[in-house]
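Engineer: Handing you this structure, nothing more for now.
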Amino acid sequence: ESSSDPVPFTGQKKPYGIIMFMPTIIAVDIGGTHMRAAAYTQDKLQPVKHKKIPTLASEPGGLNRLIRVIEDVWPKNDSVSAIGLGSPGPLDPHTGYLLAPPNNPEWHNFPLAPNVEKHFGVKTYLDNDANLAGLGEYRYGAGKGHHHVLYITVSTGIGAGVITDDRLLQGFHGLAAELGHSIIDPNGPPCSCGFKGHLEAFSSGPAIVKYVIGELEAGATSLLKRDKNITARDVSEAAQNGDELAIKAYQRAGEYLGIGVASFLHAFDPSIVIFGGGVSQVGRLLFDPFETSLKKRVFHPRYLEGLVITQAQLGDNAGLLGARALAEMKSRS
């Protein structure tokens, strides 16, 4: 089964541009583990239909799986006005091409949105999943009412989305807001991308675990044991139980996160910073050292006046709702 030769579409196909009544928007969130599709009418935030299937990124036939999950939520009696796709990058939202998703070699330099658009006959828009999570929070979640939003997800990696003057920042190549790959220390530890000293190499979940393992190997004492496959959850639980090494790991991650966000404030001057992702759920263990670091490093206190720092509200639905918002806005422009 070839990824570039999708199965025939058996649902109702409506050409874009002739919608005469309230249309449906299809939103898709392509994750490393699962891909989710949802059908939304424009008057509701709850989907009319929702489907989740394994992504199986290392196996062939990815486009066919994507086509099928969209077909599963395709409305029987209504037209579809647009399709929004969220995917890990790097990608080009201007052309709809995936460039080099690290966990999916089948989709390198792959025209994902053009393939979906050709198959369904409906305008299809693609953007980075972190961008769309930020767009979702801006439109429907913690960022509602703000016009300048910085969204940061701290999880397996660090991603971001930036809204400035009510517009999603994409950049000339569509590669803007890769803030997890900002260089914090050029001599720092290697990032998952291979370069040294990126923010992701200091403050992501795997970076926190890697630091703990390195300290244990150097002889540090801890509730955590070197002979165990340590996870970010293990470090979090140890820190909550008062383990000094685990607490130190979060202090370090928060310190570097504050360094990064200080620079982001200088660049974007947001009115709100929204944190999502599993690592951010540890709360004050991370955010007390983060806030201390941030306050020390902004070059003028004005950046902090009226600044809201808060947790994301939409959870796992942020990416889907962001894809919905993208499709809705693009189809109206």
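Engineer: When the helices in the chain are scored as -39500 (n - 2.57) per DSSP H run of 4 or longer and the sum is shared across all residues, what 222 nm value do you end up with, to the nearest 500 deg cm²/dmol?
Structural biologist: The per-residue figure over the chain is -10500 deg cm²/dmol.
Engineer: Roll a 1.4 Å probe over the protein chains and send me the accessible area per residue for the stretch 75-158 in Å².
Structural biologist: Per-residue value: 35 Å².
Engineer: Also, I was wondering about something else. Cβ under 12 Å from Val69's Cβ, Val69 left aside: what net charge do those residues give with Lys, Arg +1 and Asp, Glu -1?
Structural biologist: Within the 12 Å Cβ shell, the charges total +3.
Engineer: Same structure again: Against the longest principal axis of the chain, how steep is helix 284-297, in degrees 0 to 90 to the nearest 10, with axes from Cα atoms?
Structural biologist: 80
Engineer: Output the pairs from Lys49/Lys144; Lys52/Lys196; Lys52/Lys225; Lys51/Lys123 with a Cα-Cα distance over 28 Å in this structure; if there are none, say none.
Structural biologist: Lys52/Lys196; Lys52/Lys225
Engineer: Taking Cα centroids, how far is the stretch 253-328 from the stretch 171-227 in Å?
Structural biologist: Spelled out, the Cα-based centre of one part sits 18 Å from the other.
Engineer: Still on this structure, please answer the following. Send over a whole-number figure in Å² for the accessible area per residue of the stretch 263-333, probe 1.4 Å.
Structural biologist: 49
Engineer: Related question: Using a 1.4 Å probe on the protein heavy atoms, what percent of the accessible area of the stretch 148-245 belongs to carbon and sulfur?
Structural biologist: Details: 2550 of 5090 Å².
C and S fraction of accessible area: 50 percent.
Engineer: In a GNM of the chain with a 10 Å cut-off on Cα contacts, which of Gly319, Gly260, Gly278 has the highest mean-square fluctuation?
Structural biologist: Ranking Gly319, Gly260, Gly278 by mean-square fluctuation puts Gly278 first.
Engineer: Follow-up. Loop only by DSSP, 13 or fewer other Cβ within 10 Å of the Cβ. Give me the chymotrypsin sites (Phe, Trp or Tyr not before Pro) in the stretch 241-331 that pass, ordered by residue number. Kindly include the intermediate steps, with their values, before the conclusion.
Structural biologist: On the way: sites: Tyr250, Tyr256, Phe264, Phe268, Phe275, Phe287, Phe290, Phe299, Tyr303; in loops: Phe299.
Of the chymotrypsin sites (Phe, Trp or Tyr not before Pro), the ones in loops of the stretch 241-331 whose Cβ has at most 13 other Cβ atoms within 10 Å are Phe299.
Engineer: Could you give the size of the charge dipole of the stretch 123-216 about its Cα centre, using +1 on the Cβ of each K and R and -1 on the Cβ of each D and E, expressed in debye and rounded to the nearest 20?
Structural biologist: The calculated dipole for the stretch 123-216 is roughly 140 debye.
Engineer: How large, in percent, is the carbon and sulfur part of the accessible surface of the stretch 69-137 at a probe radius of 1.4 Å? Spell out each step's value before the answer.
Structural biologist: On the way: 1160 of 2320 Å².
Result for the stretch 69-137: 50 percent of the exposed heavy-atom area is carbon or sulfur.
Engineer: While we're on this one: Determine how large the accessible area of Asp316 is when every protein chain is in place; take a 1.4 Å probe and give Å² rounded to the nearest 10.
Structural biologist: About 130 Å², rounded to the nearest 10.
Engineer: Out of (1) 17.8; (2) 18.8; (3) 27.4, which label holds the value of mean projected area of the Cα convex hull in nm² that was computed here?
Structural biologist: (1)
Engineer: Out of the stretch 53-102, which trypsin sites (Lys or Arg not before Pro) are coil in DSSP terms and have no more than 12 other C-beta atoms within 10 Å?
Structural biologist: On the way: sites: Arg65, Arg68, Lys76; in loops: Lys76.
Answer by residue number: Lys76.
Engineer: Here is a further query. Place +1 on the Cβ of every Lys and Arg and -1 on the Cβ of every Asp and Glu in the chain, take the dipole about the Cα centre, and give the residue among Ser192, Ile274, Thr156 whose Cα lies farthest towards its positive end.
Structural biologist: Ranked along the dipole, the leading option is Ile274.
Engineer: Further question: Using a 10 angstrom Cβ neighbour count of at most 13 plus a DSSP loop assignment to flag exposed GluC sites (Glu not before Pro), which longest range of the chain is free of such sites?
Structural biologist: Working: sites that count: Glu1, Glu305.
Maximal segment without exposed cleavage sites: 2-304.
Engineer: Related question: Of the beta bridges DSSP finds with both residues in the chain, what % are antiparallel, to the nearest 5?
Structural biologist: Roughly 55 percent of the DSSP beta bridges within the chain come out antiparallel.
The values are calculated or read from the model by the stated rules, or taken from the named source; none is laboratory data. On a predicted model such as this, the values are computed, not experimentally measured, just so you know. For neighbour counting, all protein chains shown are included, and Cβ atoms are generated from backbone atoms with ideal geometry for every residue, glycine included. With ligands, DNA and RNA removed, areas are computed over all heavy atoms of the protein, side chains included. Shrake-Rupley method; radii C 1.70, N 1.55, O 1.52, S 1.80 Å.
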